[in-house]
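Working notes, structure below.
The values are calculated or read from the model by the stated rules, or taken from the named source; none is laboratory data. Note that the structure is a prediction, hence the values are computed from the model and not measured. Positions of Cβ are generated from backbone atoms using ideal geometry, with glycine treated the same way; all protein chains shown enter the neighbour counts. For the accessible areas, the whole protein counts, side chains as well, though only heavy atoms, and no ligand, DNA or RNA atoms are used. Shrake-Rupley method; radii C 1.70, N 1.55, O 1.52, S 1.80 Å.
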Amino acid sequence: MKHLISMQDVSTKDIMKLIDLADKIENKKINVDMTGKLAALLFFEPSTRTHFSFETAVKKLGGNTFSMSGTNSTSVKKGETLSDTLMTISMYADLIVMRHIIEGAARFAAETVDVPVINAGDGTNQHPTQAMLDLYSIKKTQGTLENLTIGLIGDLRLGRTVHSLSQALSDFNTKFYFASPSHLQMPKYITDDLDKKGIHYQELEDIKEVMHELDIMYVTRIQKERFAVLEDYEKVKDSYIITKKLLEGVKNNFKVLHPLPRVNEITTEVDNTKYAYYFQQAKNGVYMRQAIITELLNLKY
Ligand code: CP
């Protein structure tokens, strides 16, 4: 792997290798050395977890970072192109981590510069490092990635994390339930791909009837910032609110995951149940991002 742009480029072998590496890093079985290397963290869109977990990951490996959050203090404001910005940054950094509002921006970056590029989210398209930390979280809680029943809930059209995750899980014989408002369903290119692979999925609006089957419920926020018309968001914003009551009768191994941030789609009473795993999931992001950086920069350990 030279870059990490889309889960479609990541093989099952790569996935298992990164999970193994993250596990070794988390359990201090290896010491990776990033001394002398510099990562540029370019966030054209807001972020808490991805930005700061990459910063944490780099610093824990002994490397260093410089970063931007929004374009206000950069020469993008003077009209500099994305291409020139990236070329310039690649003269300083050994690795570029980029979040951008435009679908395909990370692929463009990888084609523009010589240093490795990590896609930290490109519009509604992909969020591969989130998918990798989600897989690591699923493996840690279920002991396997194979033959699981997984419900993806919320904004499946505009939320990029569910696109990357469903592609990533499609090689592990997952049984999917996709619960969303009718016009926020999983994009056709994702379901076409699942059809080609013969993966079972069912689209529904109400998740209640299948709760007892699920190993994982992956909840997502309705992506307010990606709606052109605010009234359309208002109509669907409370479509799914996960309460403690909804979790009655779930399997013993059942866990609730969420890429975060949440708005109101999981009530805070769920946080104190044994099923809530979303904050540990965010913590797992540090180990997985350390593993991804280690692999892309071919770091010694
Ligand atoms: N999960 C995620 O991408 O969170 P942030 O937007 O806070 O980075």
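Check Asn253, Asn264 and return the single one that is closer than 14 Å to Met211 by Cα and surrounded by fewer than 14 Cβ atoms within 10 Å (Cβ to Cβ).
Asn253
Let's see how each residue does on (1) under 25 Å from Asp206 (Cβ atoms); (2) out of contact with any strand residue (DSSP E or B) (no Cβ under 7 Å at 6 or more places or on another chain):
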position: Thr129; (1), (2): no, no
position: Leu133; (1), (2): no, yes
position: Glu146; (1), (2): no, yes
position: Phe172; (1), (2): no, yes
position: Gln185; (1), (2): yes, no
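Kindly establish whether Ile199 is away from the ligand (no atom under 16 Å from the Cβ), at pLDDT 95 or above and assigned to a strand (DSSP E or B). Spell out how you get there, then give the answer.
Values: away from the ligand (no atom under 16 Å from the Cβ): yes; at pLDDT 95 or above: yes; assigned to a strand (DSSP E or B): no.
In short, no.
Do any helices (runs of 4 or more DSSP H) lying entirely in the stretch 43-140 carry at least 1 residues that are within 13 Å of the ligand (Cβ to nearest atom) and not assigned by TED's automatic domain parsing to the domain that holds Tyr277, and which ones are they?
Values: elements: 49-60, 82-90, 105-112.
Filter on the stretch 43-140 gives 49-60.
Identify, by number, the condition in (1) within 16 Å of the ligand (Cβ to nearest atom); (2) more than 28 Å from Glu146 (Cα to Cα); (3) of a type outside the set (D, E, K, R); (4) open to solvent by less than 20 Å² (accessible area, probe 1.4 Å) that His258 doesn't meet.
Tallying (1) within 16 Å of the ligand (Cβ to nearest atom); (2) more than 28 Å from Glu146 (Cα to Cα); (3) of a type outside the set (D, E, K, R); (4) open to solvent by less than 20 Å² (accessible area, probe 1.4 Å), His258 fails exactly one: (2).
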